[in-house]
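Worksheet for the structure shown next.
The values are calculated or read from the model by the stated rules, or taken from the named source; none is laboratory data. Nothing here was measured: the structure is a model prediction, and the numbers come from that model. Note: ideal-geometry Cβ built from the backbone for every residue, glycine included; neighbour counts use all protein chains shown. To get the accessible areas, we keep the full protein, side chains included, count just its heavy atoms, and leave off ligands, DNA and RNA. Shrake-Rupley method; radii C 1.70, N 1.55, O 1.52, S 1.80 Å.
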Amino acid sequence: MYRKFLTMAAGALVLGAASMSSAEAAGKNICVSWKTFQEERWKTDEAAIKAVVEAAGNKYASADAQGSAAKQQADIEGLITQGCNVILVVAFDSDAILPAFQAAADAGVKMISYDVLVEHPDALYVTFDNVGVGRLMAQTMLEKGKAEGDFAFIKGDKGDPNATFLFQGIMEVLKPNMDAGKIKNVCETFTDGWKPDAAQKNMEQCLTSVNNKVDAVISQNDGMAGGVVAALEAQGLAGTVPVTGQDGDKAALNRVATGTQLVSVWKDSRVLGQKAAEFANMIADGKALTEIPGVIKFSGGAKGVEVNAVLIPPNPITKANLGDVITAGWVTKEEVCAGAAADVEACK
């Protein structure tokens, strides 16, 4: 039954207009296994990756795991069979996908852990500094939101190492205030699949459990922040309880402008996609992982496995620097500024 599933999954891969056979002209095959396309940002990443891959004369292919660890395993095996030279993987479950990484290594296919760490020593890890993102969320909360009170923590999916990396950075910054009794952790929960509706339910349950006595919410991404804000709005608290997020989603940046979200830590996924694609092209041409520009050794995962990594710094977007995303062409002024508060300079 499992082999039948693999065959079906391989047949369903999005391989572009042409099949990837040895008879084709020169050019390497760069492939991506996406964990899901439910979030706005992945389409931005894909456009950046595809542009760089094709500009180098290589071919792009992808598969969408649709939020299934089993399907992602099958997708990767299918991509290996189809002749991919390098596969970028946004892992749905970083532990469950390890056998697929080993299968790729055994087949001589190079792997890149894209945005989500997979602790395989032969893979290159390319991401934004996620511990740093957590620090920026917490620092912004202390400086521009709340430095004391009852805090709720809406974390990402338990199977995603990024949720742990983010929380590590958050706690590094908040711990002194927590130890001093200034900040109290009243709710803390993981959120299945980073889903906004699951985050909304988690926030609703939190508010019920503490009789709406929440002073700040550390939400680990923008999609979940949307669910959090919806829960707060239902209780008349939106705009008075600061909420964090990350990714620079259009809806989140608009919430920053309107005052219902304090910060979105902007990770320009165009840059991430461009860099990862450049590295994939280099690796496909035979460059060693240790020769990749900006590479460092990273062993901060749960298993402590040392991998080669490139970490890109992010930018926290608040009302004060909302113009950064507009100037960079990430979003339009109209998209960001609809209903903006009067004190948002970028929207005047």
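Amide H to amide H, which residues 5 or more places from Leu88 or on other chains are under 5 Å from it, using H placed in the peptide plane?
Here Cys31, Val32, Ser33, Ile112 satisfy the definition.
Under the classification rounded if a/c is under 1.5, otherwise prolate if a/b is larger than b/c and oblate if not, where does segment 140-198 fall, given a ≥ b ≥ c as square roots of the Cα gyration tensor eigenvalues? Working shown, then result.
Working: a/c = 2.21, a/b = 1.82, b/c = 1.21.
Prolate, since a/c reaches 1.5 and a/b exceeds b/c.
So what is the accessible area of the chain per residue, in Å², with the probe set to 1.4 Å?
Details: 14200 Å² over 348 residues.
With all protein chains present, the chain gives 41 Å² per residue.
For the chain, calculate the relative contact order in percent as a whole number, restricting contacts to Cα pairs under 8 Å that are 6 or more residues apart.
17
With Kirkwood's inverse mean 1/r over C-alpha pairs for Rh, give me the Rg to Rh ratio of the chain, two decimals please. Walk me through the numbers before you get to the answer.
Values: Rg = 20.8 Å, Rh = 20.9 Å.
Over the Cα atoms of the chain, Rg/Rh equals 1.00.
If each residue of separation counts as 0.36 nm, what is the full-extension length gain between Ala302 and Val186 once their alpha-carbon separation is subtracted?
Working: separation 116, 0.36 × 116 = 41.76 nm, distance 2.57 nm.
Once the chain is fully extended between Ala302 and Val186, it gains 39.2 nm.
Could you work out what % of the accessible surface of the chain is carbon and sulfur, using a 1.4 angstrom probe and leaving DNA, RNA and ligands out of the count?
Numbers: 7390 of 14200 Å².
Looking at the chain in its full context, I get 52 percent from C and S.
Taking amide H positions as placed 1.01 Å from N in the peptide plane, with prolines and chain starts having none, which residues 5 or more places from Gly149, or on another chain, fall under 5 Å of its amide H?
Ile183, Lys184
Quick one: of Lys59/Lys155; Lys213/Lys250; Lys201/Lys297; Lys297/Lys319; Lys35/Lys250; Lys158/Lys201, which pairs are farther than 27 Å apart, Cα to Cα? It would help to have the intermediate numbers written out before the result.
Working: Lys59/Lys155 36 Å; Lys213/Lys250 29 Å; Lys201/Lys297 39 Å; Lys297/Lys319 36 Å; Lys35/Lys250 21 Å; Lys158/Lys201 16 Å.
In this structure, Lys59/Lys155; Lys213/Lys250; Lys201/Lys297; Lys297/Lys319 exceed 27 Å between Cα atoms.
Just the projected area, averaged over all directions, of the convex hull on the alpha carbon atoms of segment 100-205: how many nm²?
Numbers: hull surface 31.4 nm².
The Cα convex hull of segment 100-205, projected and averaged over all directions, gives 7.8 nm².
Could you sort 253-260, 178-185 so that the peptide with the highest average Cβ count within 10 Å comes first and the rest follow in order?
Details: 253-260: 23.0, 178-185: 13.0.
Ranked by mean Cβ neighbours within 10 Å, highest first: 253-260, 178-185.
Determine, from the Cβ-Cβ distance of Gln235 and Glu345 and an R0 of 30 Å, the FRET efficiency 1/(1 + (r/R0)^6), rounded to the nearest 0.05.
FRET efficiency, Gln235 to Glu345: 0.50.
If you line up the long axis of helix 222-234 against the longest principal axis of the chain, both from Cα atoms, how many degrees apart are they, to the nearest 10?
It is inclined by approximately 30 degrees.
For helix 196-209, what angle does its Cα long axis make with the longest principal axis of the chain, in degrees from 0 to 90 and rounded to 10?
With both axes taken from Cα atoms, the answer is about 30 degrees.
How high is the relative contact order of segment 149-292, in percent, with contacts defined as C-alpha pairs under 8 Å that are six or more residues apart?
Relative contact order comes out at 20 percent.
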